[in-house]
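I have placed the structure first, in the form of structure tokens, so that the comments after it can refer back to it.
The values are calculated or read from the model by the stated rules, or taken from the named source; none is laboratory data. Predicted, not measured: the structure shown is a model, and the values here were computed from it. As a convention, Cβ positions derive from the backbone with ideal geometry for all residues, glycine included, and neighbour counts pool all protein chains shown. The protein model used for the area step is the full one, side chains on, heavy atoms only, and it has no ligands, DNA or RNA in it. Shrake-Rupley method; radii C 1.70, N 1.55, O 1.52, S 1.80 Å.
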Amino acid sequence: MVSGTGASPTPEQLQDLLLESPGFTEFLLGLTTMSATLLGGPEPMLCAITVERDGSPATVASSGEEAKRLDEKQYAFDDGPCLTALRHGTTVLVKDVKTDDRWEHYASEVSGEGVRSVLAVPIDTDPGSAAALNCYARTNGVFDSDTVAEVERHAASISRILRLALRVHPPEIYPEHLRSALKSRAVIDAAVALIMVQNRCSREQSMELLHLASRASDTKLHAIAADILQGAALPKANPAQ
């Protein structure tokens, strides 16, 4: 169980954060860092907050480089616990990424980063926007029922200030910290499309071939995709399929 310093920031802390932040991205980064500190034990928890607004790219803030990498993996697939929590408004708990089969490829990627459990909790916002808090743990059993309830309380406690920040700050077009993630996703999507055409297979089968090629060559998925777009040989479908 996570034993933080108290999962609810004071109204004064939240107001100061909003007043002192020059833009929405900076505010969200501060809110994420505050959340990680309040929810963590001796060491801050790995956290990320994702906000989507109609008609604009998502804004993602992570409490550290590790959380940022984990969150970018989820956006590369355009699917995962946090995006499910955000889009469906429900808490999602992955007790063990090695045995949970809901997001097989994503789970494989984050387990390679040493993550064993993921908890994603929606944050209430106004109509036209959606948000979620994503928490990562390196061991099993961290997200017991008490901890899940604590994270849900924290998400509720930051909902009001997040709604206010969304009203104060207009949508940002392609926030700087998201550009690399968006570029990476676009490269992978383009490579997947090429594999689909070459092998006359589904998107899911194409993504699986890309992952197999990545694992076989011990090369990052984005690098394999980039090589394919530059003329490298495409992964071939298994004739037995």
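Brief remarks on what is shown
- Residues of the range 104-145 classified as within 13 Å of Ala85 (Cα to Cα) and within 13 Å of the chain's Cα centre (by Cα), total: 10
- Strands (runs of 3 or more DSSP E) wholly inside the range 60-168 containing at least 3 residues that are farther than 18 Å from Thr37 by Cβ and in contact (Cβ under 8 Å) with a residue 60 or more places away in the chain: 129-137
- Restricting the range 60-115 to residues that are of a type in the set (S, T, N, Q) and open to solvent by 10 Å² or more (accessible area, probe 1.4 Å), the residue that is modelled with the lowest pLDDT: Ser63
- Within the range 200-213, the set of residues being in a helix (DSSP H, G or I), farther than 14 Å from Tyr106 by Cα and either touching a Phe, Trp or Tyr at 6+ places or on another chain (Cβ under 9 Å) or not basic (Lys, Arg) (or both) comprises Gln205, Ser206, Leu209, Ala213.
- Test for Thr219: is it at pLDDT 80 or above, touching a strand residue (DSSP E or B) at 6+ places or on another chain (Cβ under 9 Å) and open to solvent by less than 50 Å² (accessible area, probe 1.4 Å): no
- Any hit, the range 47-58, residues being over 19 Å from Asn140 (Cα atoms), part of a loop (DSSP other than H, G, I, E, B) and more than 15 Å from the chain's Cα centre (by Cα): yes
- Whenever a residue of the range 199-213 is among the basic types (Lys, Arg), its partners that are buried (at least 17 other Cβ atoms within 10 Å of the Cβ), lying with C-beta atoms within less than 7 angstrom and at least six residues away or across chains, give the pairs Arg203/Val192; Arg203/Met196.
- Where Ala237 falls short, out of the listed (1) modelled with pLDDT of 80 or more; (2) open to solvent by 20 Å² or more (accessible area, probe 1.4 Å); (3) not polar (S, T, N, Q): (1)
- Residues that are more than 28 Å from Lys220 (Cβ to Cβ) and open to solvent by 30 Å² or more (accessible area, probe 1.4 Å) occur at least once in the range 133-142.
- Breaking point among (1) open to solvent by 20 Å² or more (accessible area, probe 1.4 Å); (2) modelled with pLDDT of 90 or more; (3) more than 20 Å from the chain's Cα centre (by Cα), for Val148: (3)
- Selection count, the range 14-47, where residues are in contact with a Gly (Cβ under 9 Å, 6 or more places away or on another chain) and exposed (fewer than 15 other Cβ atoms within 10 Å of the Cβ): 2
- For the range 214-236, taking the residues that are in contact (Cβ under 8 Å) with a residue 24 or more places away in the chain and among the hydrophobic types (A, V, I, L, M, F, W, C), the one that is nearest to Asp78 (Cα to Cα) is identified as Leu221.
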